[in-house]
Amino acid sequence: MTITAKIDLREQNPLEALQQFFAGILKLEDIAAILVPQRLPTKNTVMPTLVTDASFLGSADPLAPAFMMNAARIASRLTRKPMGGKVAAVLRPCEIRAFIELVKLKQALREDILLISVDCLGAFQNKAYSKFAGQNGPESTIRFYKNVMGGNITEMEGAEFATACKACEYPVSENADIQIGLYGMKTGESILVKSQTEAGDHILKLLNLPDTNEPPARQDAINTLISQRTSYRDEMFAKTRENSDSLDKMTAYFSNCVNCYNCRVACPVCYCRECVFVTDVFNHDPYQYLQWAARKGIIKMPTDTLFYHITRLAHMSTACVGCGQCSNACPNDIPLTELFRTIAHKTQKIFEYEAGRSLDEKPPLSEFREDEFKEVVGID
């Protein structure tokens with residue numbers, strides 16, 4: 001059974017309505033805590049917070065165009081082992097897809113978490129958000145919400161949306177227990193709340209929200225947005241392929257890399273407990289650098305930057321969800337998202353796989369398939 005309900009807005013304020021909705025969920029006996037993006041009192045920024053007392057939800061802000069980290073990593077940490085209670089997690093669609101991948105990679109458990117997703121309005125690059133929000137974060141979120149609902153999905157007040165968001169064809173999650181709908185609803189009047197699993201049904205029955213029907217305009221709005229983003233995505237793929245289709249171009253692409261490995265740390269599905277690039281394998285002896293320089297007369301320092309990124313591309317392309325945190329974390333603004341999405345899209349297409357689409361789909365290369373790649377292995 002699917003429950004479709006609504007939350008009426010007071011004074012056209014979706015933030016206040018969502019805060020009250022989350023408080024209602026947290027007060028249920030079934031839920032021990034809620035993981036939710038919240039505005040920090042010490043600085044005008046939004047970060048994931050784990051809340052057990054509903055009175056602390058007055059700064060929850062899942063609509064802010066701030067995406068400082070992919071919280072799938074936090075959800076994984078909370079559910080890797082039984083935690084003694086069920087946590088509700090308010091996540092973006094790309095965060096839920098990353099979490100689904102982590103479950104399949106045995107890095108998280110699905111049983112102890114209630115996944116709640118809000119239609120994703122997009123986000124700015126981290127560096128641009130503080131300037132946009134100014135001194136009044138909640139007011140800037142309402143302004144952002146109204147602008148996006150009005151059709152502005154690429155740039156606002158001089159702040160450009162993150163490339164990952166402009167190219168994301170998944171603005172609505174299909175794997176959430178509860179989906180909070182914004183697109184296609186009358187701005188400032190109400191928001192949609194819809195269960196997508198039995199767990200979501202159970203929670204919404206307890207909350208006893210007023211029933212409603214999903215308006216036909218909602219799917220039309222979602223389809224239009226996906227079409228726009230897919231068009232941008234395909235143009236991005238073409239430009240990226242042109243800029244990286246040879247070894248020389250790839251070397252130039254990563255020429256500003258300083259081997260900080262921030263992209264590896266920020267990636268939600270990069271889960272290896274020990275990365276080969278932070279072991280002694282790449283801790284070269286001093287004489288080796290001199291020998292390498294002597295062969296050509298010059299070598300770029302630090303070394304191994306291209307090898308590092310090619311290795312990550314090969315390792316992560318089957319699991320990449322396109323969240324863009326690799327670009328957000330890069331201190332030198334290397335367009336990592338563009339390249340990783342381009343490679344990941346092609347890799348996943350070859351395997352007829354979409355990262356985070358379903359728990360029932362096993363990751364590529366994790367099982368033997370007799371009829372796979374016959375043209376490569378030469379089996380008739």
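The values are calculated or read from the model by the stated rules, or taken from the named source; none is laboratory data. It should be emphasised that the depicted structure is a prediction, and the values quoted were computed from it without experimental measurement. When we count neighbours, we look across all protein chains shown, and the Cβ atoms used for this are built from the backbone with ideal geometry, even at glycine.
What residue, of E174, E160, E169, is assigned by TED's automatic domain parsing to the domain that holds G58, farther than 23 Å from A89 by Cβ and of a type outside the set (V, I, T)?
E160
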Among the numbered conditions (1) at positive phi; (2) more than 23 Å from the chain's Cα centre (by Cα); (3) free of Cβ contacts under 8 Å to residues at least 60 places away in the same chain, tell me where G188 comes up short.
(3)
Filtered residue count, the stretch 1-14, keeping only those that are out of contact with any helix residue (DSSP H, G or I) (no Cβ under 8 Å at 6 or more places or on another chain) and either assigned to a helix (DSSP H, G or I) or modelled with pLDDT of 95 or more (or both)
0
Please enumerate the residues belonging to the stretch 303-347 that are of a type in the set (F, W, Y) and surrounded by fewer than 19 Cβ atoms within 10 Å (Cβ to Cβ).
F307
Condition (residue is in the same structural domain as G200 (by TED's automatic domain parsing) and within 25 Å of A355 (Cβ to Cβ)) applied to the stretch 13-22: is it met by at least one residue?
no
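So which helices (runs of 4 or more DSSP H) stay within the stretch 260-375 end to end and still have 2 or more residues that are outside the structural domain of R73 (by TED's automatic domain parsing) and without any contact (Cβ under 8 Å) to a residue 40 or more places away in the chain?
Because the criterion is at least 2 residues that are outside the structural domain of R73 (by TED's automatic domain parsing) and without any contact (Cβ under 8 Å) to a residue 40 or more places away in the chain, the helices (runs of 4 or more DSSP H) in the stretch 260-375 that meet it are 286-296, 305-316, 336-350.
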Given the conditions (1) at pLDDT 90 or above; (2) more than 27 Å from N223 (Cβ to Cβ); (3) among the aliphatic types (A, V, I, L, M), every one holds for A128 apart from (1)
Of the residues Y170, Y183, only one is part of a loop (DSSP other than H, G, I, E, B), at pLDDT 90 or above and more than 24 Å from Q325 (Cα to Cα); which?
Y183
Flagged in the stretch 203-239 as outside any helix (DSSP H, G or I) and either over 13 Å from V193 (Cβ atoms) or in contact with a helix residue (DSSP H, G or I) (Cβ under 6 Å, 6 or more places away or on another chain) (or both), in numbering order, are P215
Only one of A64, A75, A98 is modelled with pLDDT under 95 and either within 26 Å of N13 (Cα to Cα) or assigned to a helix (DSSP H, G or I) (or both); which?
A64
Scanning the stretch 34-60 for residues that are among the aliphatic types (A, V, I, L, M) and surrounded by fewer than 18 Cβ atoms within 10 Å (Cβ to Cβ), which turns out modelled with the lowest pLDDT?
L40
Which residue pairs have Cβ atoms under 9 Å apart, sit 6 or more places apart or on different chains, and have a first residue in the stretch 208-222 that is without any contact (Cβ under 8 Å) to a residue 40 or more places away in the chain and a second that is of a type in the set (D, E, K, R) and assigned to a loop (DSSP other than H, G, I, E, B)?
P215/K186; A217/K186
What number of residues in the stretch 134-156 are closer than 18 Å to L40 by Cα and under 21 Å from the mean Cα position of the chain (by Cα)?
1
Is there a residue being surrounded by 22 or more Cβ atoms within 10 Å (Cβ to Cβ) and out of contact with any strand residue (DSSP E or B) (no Cβ under 7 Å at 6 or more places or on another chain) anywhere in the stretch 192-209?
no
From the list L115, L26, L102, L63, which one is outside the structural domain of G324 (by TED's automatic domain parsing) and over 18 Å from the mean Cα position of the chain (by Cα)?
L26
In the set A32, A23, A17, which member is of a type outside the set (F, W, Y) and not in a helix (DSSP H, G or I)?
A32
Could you check the stretch 154-190 and list, in sequence order, the residues that are closer than 20 Å to R233 by Cα, among the small types (G, A, S) and surrounded by fewer than 21 Cβ atoms within 10 Å (Cβ to Cβ)?
A159
